[in-house]
1. Roughly how much of A:Glu135 is accessible, in Å² to the nearest 10, using a 1.4 Å probe?
2. Name the lysines eligible as straight-distance cross-link partners of A:Lys196: C-alpha to C-alpha under 16 Å, and not fewer than 8 places from it in the same chain.
3. Rounded, prolate or oblate for the stretch A:2-61? Axes are the square roots of the Cα gyration tensor eigenvalues, ordered a ≥ b ≥ c, and the cut-off for rounded is a/c under 1.5.
4. Picking from A:Tyr172, A:Tyr204, A:Val588, whose Cα lies most toward the positive end of the charge dipole for chain A (charges on Cβ: Lys, Arg +1; Asp, Glu -1)?
5. Could you please report the charge total around A:Lys99, scoring K, R as +1 and D, E as -1 over all other residues with beta-carbon less than 12 angstrom from its beta-carbon?
6. With every protein chain left in place, what is the accessible area of A:Tyr218 in Å² (1.4 Å probe, nearest 10)?
7. Need one value: the accessible area of A:Trp476 in square angstrom, 1.4 angstrom probe, rounded to the nearest 10.
8. Rounded if a/c is under 1.5, else prolate if a/b beats b/c, else oblate: with a ≥ b ≥ c from the C-alpha gyration tensor eigenvalues square-rooted, which is the stretch A:509-623?
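The values are calculated or read from the model by the stated rules, or taken from the named source; none is laboratory data. As the structure is a prediction and not an experimental result, all values here were calculated from the model. Cβ: placed from backbone, ideal geometry, glycine included. Neighbour counts: every protein chain shown. Only protein heavy atoms, including side chains, enter the accessible area calculation; ligands, DNA and RNA are left aside. Shrake-Rupley method; radii C 1.70, N 1.55, O 1.52, S 1.80 Å.
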Amino acid sequence: MLKVTLRDNSVREVPAETRITDILNELGGRLKKEALAAVVNGVLVDLNYQLTEDADLRFVTFADDEGEDVYRHSSSHILAAAVKRLYKDVKLGIGPAIKDGFYYDFDYANSFGPDDLERIEAEMLKIIKEDLPFERFELAREEAVNYFSDLGEDYKVELIRELPAEAVISCYRCGDFVDLCAGPHLPSTGKVKAIKLLNLAGAYWRGSEKNPMLQRIYGTSFPKKSLLEEYLKRVEEAKKRDHRKLGRELDLFSIQDEGPGFPFLHPNGMIIRNELENYWREEHQKAGYQEIKTPIILNRALWEQSGHWDHYKDNMYFTKIDDLDYAVKPMNCPGAMLIYKTKMRSYRDLPIRLGELGLVHRHELSGTLHGMMRVRSFTQDDAHIFMLPSQIKEEVKKVIALTEKMYQTFGFDYHLELSTRPENSMGSDEMWEEATNILREVLEERGMPYVVNEGDGAFYGPKIDFHLTDSIGRTWQCGTVQLDFQMPSKFGLTYVGEDGQKHTPSALHRVIYGSLERFMAVLIEHFAGAFPLWMAPRQVVVLPISEKHHAYALSVVERLQQAGVRVEADLRNEKVGYKIREAQLQKVPYMLVVGDKEMAERQVSVRERSAGDLGSQNLEAFVAKVQEEIAAKVR
RNA sequence: GCUGGUGUGGCGCAGCGGUAGCGCAAUUGAUUCGUAAUCAAUAGGUCAGGGGUUCAAAUCCCCUCACCAGCUCCA
């Protein structure tokens with residue numbers, strides 16, 4: 001007999017080779033209905049799994065991350081089975097569960113269109129109705145290779161060949177469909193209650209553009225129809241926050257055919273941008289930074305010296321001046337290096353923190369452009385910190401602290417990534433190792449969780465990145481701290497040490513917003529266009545009830561303008577309801593309704609965009625309140 | 001850059017072989033009104049650009065450009 005310990009610590013005795021489903025049947029209840037898979041001694045397995053030793057047993061439902069994964073993974077097999085039934089000569093790529101759904105990659109000579117998706121979805125519903133069991137079986141390596149080569153599944157064969165020698169090669173059968181798969185899976189296709197194919201896209205085999213492009217079909221599935229509907233609704237809602245849509249509606253910016261990837265900032269957008277810059281200058285001054293500005297175009301020799309010519313050429317724009325080669329800067333670092341070099345520096349001067357709101361241009365591939373999130377010209381809130389090697393750690397910490405402080409002002413959620421040495425990079429392994437270790441130590445000392453992004457560092461050094469999330473959950477790199485042991489020596493930067501000798505300083509490149517354009521985009525989506533008072537393009541709008549209140553309305557505007565508030569009166573010949581609706585759609589934080597009553601007592605009737613009507617108050621009291629809220633940057 | 005899709009007045013959409021409509025916005029007039037849309041009239045489009053098929057093209061075909069989703073790449 002085997003001892004099985006359940007989650008509630010109760011222990012059951014069962015004969016060896018008992019299937020988990022049998023235990024589940026005995027337990028009955030809701031769990032019997034909802035269990036999708038199980039965790040046996042820490043390993044995720046099918047419900048069909050047979051116990052061979054004493055076990056800690058935990059059931060997994062859709063509410064668990066593992067359960068959701070199994071559910072979506074099985075859904076992707078249903079997708080592949082349907083495609084195999086409907087189309088001849090399709091080769092299978094991979095089909096994993098992903099956040100909010102699943103996909104499967106196919107190699108097929110003809111291309112799938114939207115009509116195909118409908119056909120495939122219909123076939124999937126059939127397969128679900130057939131309630132086919134998922135059956136696991138294992139093959140020896142050679143058998144597996146033969147099996148899948150006979151089927152013509154070249155990609156699967158490639159995968160099998162690369163599995164480690166000791167790996168168990170498992171397959172799952174679902175009706176006539178067999179797939180190489182580690183599992184586990186749902187007991188049968190009937191468990192899937194709601195499924196929908198979402199879209200179609202190309203994807204390179206194994207993520208490399210050197211490989212053939214497969215056709216990827218995305219979908220999602222849920223154990224209840226209502227959950228699927230909720231999900232689709234959520235996606236719809238999220239689309240309303242899209243910065244490209246809000247950018248147009250709130251008249252913040254535009255991108256036009258005349259300059260793909262080169263955004264135009266409209267007056268409203270410029271207000272937000274300026275507020276961001278003001279706040280940035282304020283904080284950087286407090287943190288001991290000095291501000292510089294370096295040219296946008298610099299000559300070829302400089303870019304050769306910096307290594308950009310060798311390592312970054314494909315992303316750069318070039319021009320000729322008097323027959324000499326020049327490049328438009330893709331980064332601000334060389335400029336900062338040149339300013340450092342303009343005079344002798346003493347160890348007593350270090351650290352020197354040179355900040356620059358620098359406009360850079362990069363030739364990004366056309367397919368990657370995305371509103372203001374991904375553009376070809378953007379302003380980095382850059383800074384280069386030159387310091388003694390002994391100051392590195394402290395400076396990295398300070399940068400991280402400043403980043404966290406500023407992000408907190410906006411209330412962002414973010415995650416951190418540590419990026420290590422890429423291919424095609426400069427410097428020795430020891431240098432990279434040392435630099436990477438310093439960054440890692442800072443993260444660990446601060447107890448900040450992070451993921452390692454292997455091989456994703458800059459060509460001159462490793463980096464810590466701050467990633468922010470957009471309205472539909474995609475993440476975008478914004479802040480970054482990059483350690484650089486290369487540029488200072490390439491540019492011959494020195495400082496005079498205590499010993500009277502020249503030494504090479506260490507350098508840190510860092511941005512906090514990342515790019516003002518991207519940061520603004522994230523900001524728009526984060527607040528769904530309802531910016532905190534301090535950033536709002538129009539902070540207050542005054543709404544007179546009829547023409548006889550216009551003069552008073554204008555006097556209210558004047559008073560607020562004096563107080564430094566961005567305010568306008570809506571004098572159009574419309575009802576208050578109409579003006580309110582308009583101001584509400586424009587997400588103006590405060591609306592002041594003024595009529596006979598307010599005019600008589602120098603009051604304003606305050607309406608806040610989310611709280612609604614707040615009643616009347618003295619104009620002076622309102623002015624004071626608004627000033628306070630702006631100064632405190634209340635979210 | 002690659003794969004698939006889309007491109008019709010400022011915005012959101014309909015029309016999908018017989019030469020363009022709707023709603024909102026805009027303009028003008030009337031209305032002078034108390035917390036998310038007052039009524040009426042008017043104006044606005046070489047249907048992304050170029051080429052082709054046809055008696056006839058917004059509609060079918062080809063090329064280019066831009067955008068959207070994803071892949072690759074990045075702040």
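1. It works out to around 90 Å².
2. Within the straight-line cut-off, A:Lys196 pairs with A:Lys99, A:Lys126, A:Lys129, A:Lys224, A:Lys225, A:Lys233.
3. Details: a/c = 1.37, a/b = 1.27, b/c = 1.08.
Verdict is rounded for the stretch A:2-61.
4. Highest projection toward the positive end goes to A:Val588.
5. Residues close to A:Lys99 contribute a combined charge of -2.
6. Roughly 60 Å² of A:Tyr218 is accessible to a 1.4 Å probe.
7. Spelled out: A:Trp476, probe radius 1.4 Å, area about 40 Å².
8. Numbers: a/c = 2.61, a/b = 2.07, b/c = 1.26.
Verdict is prolate for the stretch A:509-623.
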